[in-house]
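Report on the following structure.
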Amino acid sequence: RVLKISNDPSPGYNIEQLAKKGRNFVTLPYCVKGMDVSFSGILSYLEENSAKLLKEGLTPEDLCFSLQETVFAMLIETTERALAHCNSQEVLIVGGVGCNERLQEMMGIMCNERGAKLF
């Protein structure tokens with residue numbers, strides 16, 4: 001919403017394409033507690049600070065890159081914790097977000113480090 005990214009064909013796909021061009025990482029709120037993640041802090045932060053960050057020379061691509069990296073790191077952390085708690089060796093990514101190449105890459109790295117299989 002803040003960056004006025006198109007919903008066509010889908011917002012997630014458009015964020016992914018912009019993120020591929022991002023070069024500067026901005027530290028965003030990271031909230032993982034046990035198996036719970038909260039994205040509200042990230043969204044509030046971006047709503048309140050994106051105009052200032054853009055004026056400071058960051059690009060929409062940088063903000064998409066930072067958003068994607070932060071959100072996916074949170075998802076990878078909780079997935080890794082779930083593997084350990086459930087004594088599982090398999091991860092299945094499904095749904096629209098599962099098409100994201102960066103998520104697949106990050107999840108693949110985590111699975112390789114744990115000796116798990118990614119589907």
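Legend: ranking of residues 78, 27 from fewest to most surrounding C-beta atoms inside 10 Å; resulting order 27, 78. The distance linking the stretch 50-77 with the stretch 85-113 is 21 Å (Cα centroid to Cα centroid, whole angstrom).
In a DSSP loop and with at most 16 other Cβ atoms within 10 Å, the GluC sites (Glu not before Pro) in the stretch 17-119 are 56.
Counting Cα-Cα pairs of the stretch 60-107 in 10 Å increments starting at 0 gives whole-percent bin shares of 24, 52, 20, 5. Taking only DSSP H segments of four or more residues, each worth -39500 (n - 2.57), what value at 222 nm results for the chain once the sum is divided by all its residues, to the nearest 500 deg cm²/dmol? -18500 deg cm²/dmol, from helical runs alone.
Between residue 99 and residue 54, the distance separating the two model label sites (each 7 Å from Cα on the Cα→Cβ line) works out to 2.6 nm.
Each value in this text was obtained by applying a stated rule to the coordinates, not by laboratory testing. For clarity, every value in this text was computed on a predicted model and none was experimentally measured. Here Cβ is always computed from backbone atoms with ideal geometry, including for glycine, and neighbour counts include all displayed protein chains.
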